[in-house]
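Every number in this text was worked out from the coordinates using simple rules, so none of it is lab data. From a predicted model like this one, the values you see are computed outputs, not experimental measurements. In this analysis, Cβ positions are derived from the backbone assuming ideal geometry, glycine residues included, and neighbour counts consider all displayed protein chains.
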Amino acid sequence: MNEIMDTNALLMYYLLGINAVTFALYGIDKLKSQKGWRRIPEKTLLMLAVIGGSMGALCGMRLFHHKTKHKKFYLGVPILLAIQIALICYFRFI
């Protein structure tokens, strides 16, 4: 039982961390775009969503109004989030 709790805690901390980083980077990239500075590559922003930061990406997109016109973001990020939620539910309740 302790192993399950440790695994759940690790997963929770990982997801909190990756989503916080992803959210922050979406905000930083928006600032960089406004200032005309060198940007964070789209591949990086999408990969952060793929590895668990989809909620942070979606929140960053909404709050900063960033990447909302790019199809791979406005469709891809919510789809990734749905898949990640489904996977967590599946593995949590099997």
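In the chain, taking the dipole from charged Cβ atoms about the Cα centre, the farthest positive-side position among 50, 78, 64 is held by 64.
What do you get for trypsin sites (Lys or Arg not before Pro) in the chain restricted to DSSP loop and a cutoff of at most 10 other Cβ within 10 Å of the site's Cβ?
On the way: sites: 30, 32, 35, 38, 39, 43, 62, 67, 69, 71, 72, 92; in loops: 38, 39, 67, 69.
Taking the chain and a limit of 10 other Cβ atoms within 10 Å, the loop trypsin sites (Lys or Arg not before Pro) found are 38, 69.
Here the Karplus relation 6.51 cos²θ - 1.76 cosθ + 1.60, evaluated at θ = phi - 60°, turns the backbone of the range 50-63 into coupling constants of 4, 8, x, x, 5, 5, x, 5, 5, 5, x, 4, 6, 5 Hz, with x for every Gly and Pro. Where the alpha-carbon atoms of the range 48-93 are placed on the principal axes, they occupy 35, 17, 14 Å, in descending order.
Among the chymotrypsin sites (Phe, Trp or Tyr not before Pro) in the range 2-92, those placed in a DSSP loop whose Cβ has at most 16 other Cβ atoms within 10 Å are 37. Rounded to the nearest 20 debye, the dipole magnitude of the chain is 740 debye, with +1 charges on Lys and Arg beta carbons, -1 on Asp and Glu beta carbons, and the Cα centre as origin. If you take all other residues with their beta carbon under 11 Å from the beta carbon of residue 42, and give Lys and Arg +1 and Asp and Glu -1, the sum is +3.
Between residue 68 and residue 85, the simple spin-label model (points 7 angstrom out along Cα→Cβ) gives 2.0 nm. Measuring from centroid to centroid over Cα atoms, what is the spacing of the range 1-54 and the range 59-94 in Å? Their Cα centres are 12 Å away from one another. Cβ crowding within 10 Å, taken as a proxy for footprinting-reagent exposure, orders 89, 59 from fewest neighbours to most as 89, 59.
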